[in-house]
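Asker: Please find one structure pasted underneath; my questions will follow.
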Amino acid sequence: MFINGKFSSGYASESIPVINPATEEILSQSPRGTTQDALAAVEAARQSLPGWKNTPASKRAAYLHQVAASIRDHHEELVRLLTQEEGKPIPENDEELWWSEETFDYYAELGRHDRGQVIPPGAPGQFNFVLKEPWGVVACIVPWNYPILLMAWKVAPALAAGNTVVIKPSELTPLTTLKLAEVAFDHLPAGVVNVLTGFGPDVGEPLVTHPDVNMVAFTGSLATGQRIASLAAPQMKKLHLELGGKDPMVIAPDVELSTAASGLAYAALINTGQVCTSTERVYVHESIYSQFTEELAEVVSRLRLGNGLDEGTDIGPMIRAKFRDKVISQVEQSVQAGARLVWGGRIPPEFERGYFMQPTILVDVNHQMRVMQEETFGPVIPLMPYRDFDEAVRLANDCQYGLGASLMTQDARLVKRFYEGVQAGTIWINDPLTDNFAGPFGGMKMSGLGRELGQEGLDEFRQVKHVHWDIEGGLKEYWYPYG
C-alpha cells in the first residue's frame, strides 16, 4: 500500500490474489488492508491537508500537470498492466489512460481559474464575496471496470480544489493504481495521495465512518452506495455517489440501419458490457424492428472474442465467473418468460480458461423481465418494439435508474422531445457513450448524487463560504433596542 509517501504492507497479515480474467492466472498479490491501515492513511491525509490546502493554486496545477506527464511517460506499461488485471482490449485501455492523463491536465488548469466570486453588497460600505474551499480529506472508492479513469475523475478535481485523498481501489484491480502511486504520485508531498488496498468491510467502511474523512466519492453499485449513505448519515458527510444504470437507447424509424446497429453494438458491448452507461434497453420503431434486428446480428456476429492483449480482439472476458453467472441467469430467465435468443447467450466453448461470454441479442422482451429492469453489466442487447415516440419516451423512463440515455435519429423534432422528456443525467444523440471534459457526468433518480467532469465536477469537491464584511463598522439602526 502507499501511505504517507511510502510503500509498505502496513498492518496486513494476509494478501489478496489479483487474477487475470482472460487466463485465470494469478498476476500478483495485494495486501489485505485492515482498519489500522485505514486509520493510518486518514491520519497521513489529515496531517498533509493544511500544507496542501495552502499551496498556491498555480503550484498545485504544476503538480497535477506532472502527474499527467508521468502517466504519459509510462503509458504503454500501464495499458498492458491494466489489460492484464481488468481484461479490456488494448485499444479500450489505451483510451482509458489517455482520458486519465487529460483529466489531470484539465483540472490542473481549471483548479487555478477561480476560488469564488464577488457579489453585490446589500448596502454601501459593505463587501460581500463567496469562497470555495476544500472539504478536507476525501475517500475515493473506485470500481474495477475503469479503475484508472474513475479514479482520475475523483482525484484530479479533489487535488485541484485543495483536498487530500485516500484512494481505495477495487480488490479485483489494484495493481495499476499502485503502479500510478509509484510513477505518478510519488512527487507529491507525502500524505496528499494515499492508496489503500483491501475489501470493503475491512478498509472501505472504516474510511466512510472515520470522523476525519470529510467527503466520500464512490462509483459502484446501488446497494453499496446505499450502504455508504447509511454509514455516513450520522456524521452528515458530503457524499458523491455515481451508482447503477440501465441506460435506454431509442432507434427512430429514419436511421441508416448499419450505422445505428454499429453504434448500438459499441454502446452495449464495450468493456464486455461492464460499463455503468452501457446500453441495456433498446427500443426500436416497429416499422424497422425486424430489419434492424438482422442488421445488428450481422454486426455482432463479426466481433472477435479473445485475450485483451491479443491484436484484433474486440471483446475481452468478464471480470469474474460470478458476474458472468448473473448475466447468464438474466438471459435464461428472459427466454423462459418468452424472449427469443437471436445470437449468443452462452459461454464460448473455444475458451478453456477465462471468464468469456458470447455477446447476446434478445428480442420479444418486456418490462416484466429482469433483463429490462435490473442492471445487467454484461454483453446482452435486449430489443423491444415501440409504436410511437411518446411510447418510446415512456418506456425509456420506466426504470429506477437515470444515468444516461441515447437516441439514434436525424429528426431534430424527435431530438428535442427526447432530451426534454427523458430523465437521465447525460443524453447522447447519434454518438453514445462519448464524454466531454467540460460536460458534467452523473445520474438522476437512483443513479446517484453529484456530477463528475466539468466545472460541476470541481465544485463537487469544494464547499461554499459567504463572507459579509461591513468595512465601515459602527452602530446599526436595526440593532437593539427596538423603537
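The values are calculated or read from the model by the stated rules, or taken from the named source; none is laboratory data. Since we're looking at a predicted model, the values are computed, not measured. Backbone-built Cβ (ideal geometry, glycine too); neighbour counts: all protein chains shown.
Asker: Within the stretch 215-239, how many residues turn out to be farther than 21 Å from PRO201 by Cβ and either out of contact with any Phe, Trp or Tyr (no Cβ under 6 Å at 6 or more places or on another chain) or among the polar types (S, T, N, Q) (or both)?
Answerer: The qualifying residues number 1.
Asker: Looking at the stretch 457-475, which of its residues are over 14 Å from PHE127 (Cβ atoms) and either part of a loop (DSSP other than H, G, I, E, B) or among the β-branched types (Val, Ile, Thr) (or both)?
Answerer: Once the filter is applied, which keeps residues that are over 14 Å from PHE127 (Cβ atoms) and either part of a loop (DSSP other than H, G, I, E, B) or among the β-branched types (Val, Ile, Thr) (or both), the stretch 457-475 yields GLU460, PHE461, VAL464, GLY474, LEU475.
Asker: Just the residues that are more than 22 Å from the chain's Cα centre (by Cα), among the aliphatic types (A, V, I, L, M) and either surrounded by fewer than 17 Cβ atoms within 10 Å (Cβ to Cβ) or outside any helix (DSSP H, G or I) (or both), please, taken from the stretch 298-320.
Answerer: Correct list: LEU303, LEU305, LEU309.
Asker: For the stretch 440-450, check the following and say yes or no: at least one residue is buried (at least 21 other Cβ atoms within 10 Å of the Cβ), touching a Cys at 6+ places or on another chain (Cβ under 7 Å), at pLDDT 95 or above and within 24 Å of ASN271 (Cα to Cα).
Answerer: No, every residue in the stretch 440-450 fails to be buried (at least 21 other Cβ atoms within 10 Å of the Cβ), touching a Cys at 6+ places or on another chain (Cβ under 7 Å), at pLDDT 95 or above and within 24 Å of ASN271 (Cα to Cα).
Asker: Same structure again: Could you tell me whether SER28 is of a type in the set (Ser, Thr, Tyr), at pLDDT 95 or above and more than 26 Å from the chain's Cα centre (by Cα)?
Answerer: no
Asker: What is the one condition in (1) without any contact (Cβ under 8 Å) to a residue 60 or more places away in the chain; (2) surrounded by 16 or more Cβ atoms within 10 Å (Cβ to Cβ) that PRO481 does not satisfy?
Answerer: (2)
Asker: Could you look through the stretch 117-159, keep only residues that are assigned to a helix (DSSP H, G or I) and in contact (Cβ under 8 Å) with a residue 60 or more places away in the chain, and pick out the one that is farthest from the chain's Cα centre (by Cα)?
Answerer: LEU159
Asker: Any idea which of (1) farther than 29 Å from GLU95 by Cα; (2) in contact with a Ser or Thr (Cβ under 9 Å, 6 or more places away or on another chain); (3) surrounded by fewer than 21 Cβ atoms within 10 Å (Cβ to Cβ) is the one TRP343 doesn't satisfy?
Answerer: (1)
Asker: Cβ-Cβ distance below 8 Å, separation of 6 or more or different chains: which pairs start in the stretch 413-436 with a residue that is part of a helix (DSSP H, G or I) and end on one that is surrounded by fewer than 20 Cβ atoms within 10 Å (Cβ to Cβ)?
Answerer: VAL415/ILE429; PHE418/ILE427; PHE418/ILE429; TYR419/ILE427; TYR419/ILE429; GLY421/ASN397
Yes/no matrix, rows are residues, columns are (1) closer than 27 Å to ASP398 by Cβ; (2) in the same structural domain as ALA38 (by TED's automatic domain parsing); (3) free of Cβ contacts under 8 Å to residues at least 40 places away in the same chain:
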position: GLY191; (1), (2), (3): no, yes, no
position: VAL203; (1), (2), (3): no, yes, no
position: VAL213; (1), (2), (3): no, yes, no
position: ALA229; (1), (2), (3): yes, yes, yes
position: ALA233; (1), (2), (3): no, yes, yes
position: LYS237; (1), (2), (3): no, yes, yes
position: ILE251; (1), (2), (3): yes, no, no
